[in-house]
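J.: A single structure is presented below for examination.
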Amino acid sequence: MNGNRKRRQVKVAIIGGGPAGISSAIWCKRLGMVPLLFEEKEKIGGALHQIHGPLLDYPGRWGKNGEEFLHHLEEHLHLLQIPVHIEEKVVSLEMRDKGGCITTEMGRYEADYVILATGTRPRRLHIPGEEEMVARGEIYSTHRNREVLRGKRVLIVGGGDRAVESAINLLPYAEAIHLVHRREQFRARPEWVGKLRGANVFIHTNTRLKAILGEGKVEGVLLSTSPAHEQLLPVDAVLIRIGNEPVVELLPPSFREGNGPPRVDENGATRHPRLFAVGDLVTPPPFCSIAVAVGQGMRAAKQILELEKESEQRERTM
């Protein structure tokens with residue numbers, strides 16, 4: 001990219017097009033501040049694309065799935081004429097005294113304020129064979145890829161809702177389902193765990209997945225119940241469902257809490273007065289929800305407005 005390219009000035013740059021980012025954009029616009037929303041993927045929505053069942057816990061608006069709920073959010077953005085840059089990935093963020101310098105794959109922007117709503121991504125095990133499996137595209141959804149997994153031996157790793165739900169979804173399809181959890185007890189909803197009864201379900205508690213095996217495709221795994229006891233198990237697919245991790249690469253290490261998300265106050269403010277972080281990026285897993293994300297987007301926008309008022313007041317008294 002041409003380093004001399006003119007930078008575009010924006011009031012509030014919002015990075016991430018999930019519910020938190022969308023809410024931030026809506027509230028900024030309603031409060032008289034023009035936002036610019038960046039989404040690196042081909043469609044906004046974030047984690048909404050992973051909600052395949054009824055969405056019934058958001059007051060006043062429900063949907064048969066996340067996609068339907070997202071349709072209403074897209075209409076809201078269109079109604080308010082909020083600019084959204086789809087498929088424009090932010091590759092770097094540099095915070096300065098008076099705002100942030102954002103570099104994307106398509107241009108550069110100067111923003112008075114930046115709201116990070118980058119969300120989370122599936123956590124990896126970082127074991128032998130995992131990277132190769134991902135590179136081959138052997139990543140499956142138990143909603144979209146059920147037929148692909150029909151008659152297959154599937155191993156699912158995890159002990160939470162998503163792992164158990166994946167197993168339930170595949171009950172009528174897979175030849176065998178192996179559910180591997182490193183602990184004795186599952187964290188998933190008890191009523192869901194109770195559904196894991198069937199001739200094709202095999203539960204492996206106190207067990208760890210050590211390696212994914214196969215040449216050109218998944219052919220088996222190496223399991224371990226103790227350092228001295230390992231087991232080879234032939235399988236055709238591996239689904240890793242061990243939760244998510246925050247997407248923090250745009251943040252300098254000094255802004256993070258170890259390898260985790262930035263520390264924020266009740267309004268999403270970070271240690272930099274013009275940088276905010278909202279949504280699943282900064283919310284502990286038990287509390288991640290659309291309602292929380294939307295509320296955080298509102299608070300960040302309102303806090304930015306308060307900062308703008310304070311700045312204007314100082315300028316008038318100088």
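J.: Of the residues that sit in the stretch 35-55 and are modelled with pLDDT of 95 or more and part of a loop (DSSP other than H, G, I, E, B), which one is surrounded by the fewest Cβ atoms within 10 Å (Cβ to Cβ)?
T.: Result: GLU42.
J.: Applying the selection to the stretch 43-60, what residues are farther than 18 Å from GLU74 by Cβ, free of Cβ contacts under 8 Å to residues at least 12 places away in the same chain and out of contact with any strand residue (DSSP E or B) (no Cβ under 8 Å at 6 or more places or on another chain)?
T.: Listed by number, the list holds a single entry, LEU56.
J.: Provide a single number: the residues in the stretch 227-253 that are surrounded by fewer than 12 Cβ atoms within 10 Å (Cβ to Cβ) and not assigned by TED's automatic domain parsing to the domain that holds SER23. Before you say what the answer is, go through the steps one by one.
T.: The initial filter retains those residues of the stretch 227-253 that are surrounded by fewer than 12 Cβ atoms within 10 Å (Cβ to Cβ), namely 227-229, 232, 249, 253.
The next check asks that each one be not assigned by TED's automatic domain parsing to the domain that holds SER23; those that pass are 227-229, 232.
The qualifying residues number 4.
J.: Cβ-Cβ below 7 Å, separation at least six or inter-chain, first residue in the stretch 254-282 and crowded, with 23+ Cβ neighbours inside 10 Å, second basic (Lys, Arg): which pairs?
T.: Once the first residue is crowded, with 23+ Cβ neighbours inside 10 Å and sits in the stretch 254-282, its partners that are basic (Lys, Arg) give PRO262/ARG256; GLY268/ARG299.
J.: Count, please, the residues in the stretch 59-87 that happen to be outside any strand (DSSP E or B), under 23 Å from the mean Cα position of the chain (by Cα) and either surrounded by fewer than 17 Cβ atoms within 10 Å (Cβ to Cβ) or not assigned by TED's automatic domain parsing to the domain that holds GLY17 (or both). Reasoning before the result, please.
T.: Step one: filter the stretch 59-87 for residues outside any strand (DSSP E or B), giving 59-62, 64-83, 87.
Remaining after also requiring under 23 Å from the mean Cα position of the chain (by Cα): 59, 61-62, 64-77, 82-83, 87.
Of the ones still in play, those that are also either surrounded by fewer than 17 Cβ atoms within 10 Å (Cβ to Cβ) or not assigned by TED's automatic domain parsing to the domain that holds GLY17 (or both) are 59, 61-62, 64-65, 67-68, 71-72, 74-76, 83, 87.
Residues that pass the stated criteria total 14.
J.: Next question, about the same structure. How many residues does the stretch 82-102 hold that are without any contact (Cβ under 8 Å) to a residue 24 or more places away in the chain and not basic (Lys, Arg)?
T.: Restricting attention to the stretch 82-102, the residues satisfying the condition of being without any contact (Cβ under 8 Å) to a residue 24 or more places away in the chain are 91, 94, 96-97.
Those still in the list that are not basic (Lys, Arg) too: 91, 94, 97.
Matching residues across the stretch 82-102 total 3.
J.: While we're looking at this one, here's another question. Checking ALA211 against (1) surrounded by fewer than 20 Cβ atoms within 10 Å (Cβ to Cβ); (2) touching a residue at least 40 places away in the same chain (Cβ under 8 Å); (3) in contact with a Lys or Arg (Cβ under 7 Å, 6 or more places away or on another chain); (4) not basic (Lys, Arg), which test does it fail?
T.: Failed condition: (3).
The values are calculated or read from the model by the stated rules, or taken from the named source; none is laboratory data. These figures come from a predicted structure and were not determined experimentally. With ideal geometry, Cβ positions are generated from the backbone for all residues, glycine too; neighbour counts draw on all protein chains shown.
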